[in-house]
Amino acid sequence: MISSLMKVTKTISIDVPGLGAKIKEAREADSRSLKAICKAVGMSQMNWYRIEEEKQSLPLETLRKIEEVLGVDFGVNLEGEGNA
């Protein structure tokens, strides 16, 4: 008998007021250019500005990459984060 596996997913979204401003502040405190930071994160400058302006949602994976590249922790934690 062949068994199939089905994945069940859970999506959690939270509002984090002021996160865009915190990201901008951390970027401005960094000595690298926006172009260099965006390259390290793996995103376009246009998307970066949209995130700073809070005009688009931010996947958790991208937020973690931004934190890693800028060497900061914005204190955003989601329920069950890190649990598979």
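The numbers here are math on the coordinates, done by the rules we state, and not lab data. In this text the structure is predicted, and so the values were computed from the model without any measurement. In this analysis, Cβ positions are derived from the backbone assuming ideal geometry, glycine residues included, and neighbour counts consider all displayed protein chains.
Can you tell me which residues in the stretch 28-46 are over 13 Å from K65 (Cα atoms), in a helix (DSSP H, G or I) and of a type outside the set (S, T, N, Q)? Let's see the steps before the verdict.
Initially, the stretch 28-46 is screened for residues over 13 Å from K65 (Cα atoms), giving 28-36, 44-46.
Remaining after also requiring in a helix (DSSP H, G or I): 28-29, 34-36, 45-46.
Once the filter is applied, which keeps residues that are over 13 Å from K65 (Cα atoms), in a helix (DSSP H, G or I) and of a type outside the set (S, T, N, Q), the stretch 28-46 yields E28, A29, L34, K35, A36, M46.
Select from the stretch 47-68 the residues that are surrounded by 15 or more Cβ atoms within 10 Å (Cβ to Cβ) and assigned to a helix (DSSP H, G or I) and list them in ascending order. Talk me through it step by step, then tell me what you get.
Applying the first criterion (surrounded by 15 or more Cβ atoms within 10 Å (Cβ to Cβ)) to the stretch 47-68 yields 47-52, 54, 58, 62-63, 65-67.
Within the stretch 47-68, N47, W48, Y49, R50, I51, E52, T62, L63, K65, I66, E67 meet the criteria.
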Exercise for review: Considering every residue within the stretch 29-45, establish whether at least one is within 13 Å of the chain's Cα centre (by Cα) and in contact (Cβ under 8 Å) with a residue 40 or more places away in the chain.
Suggested key: no
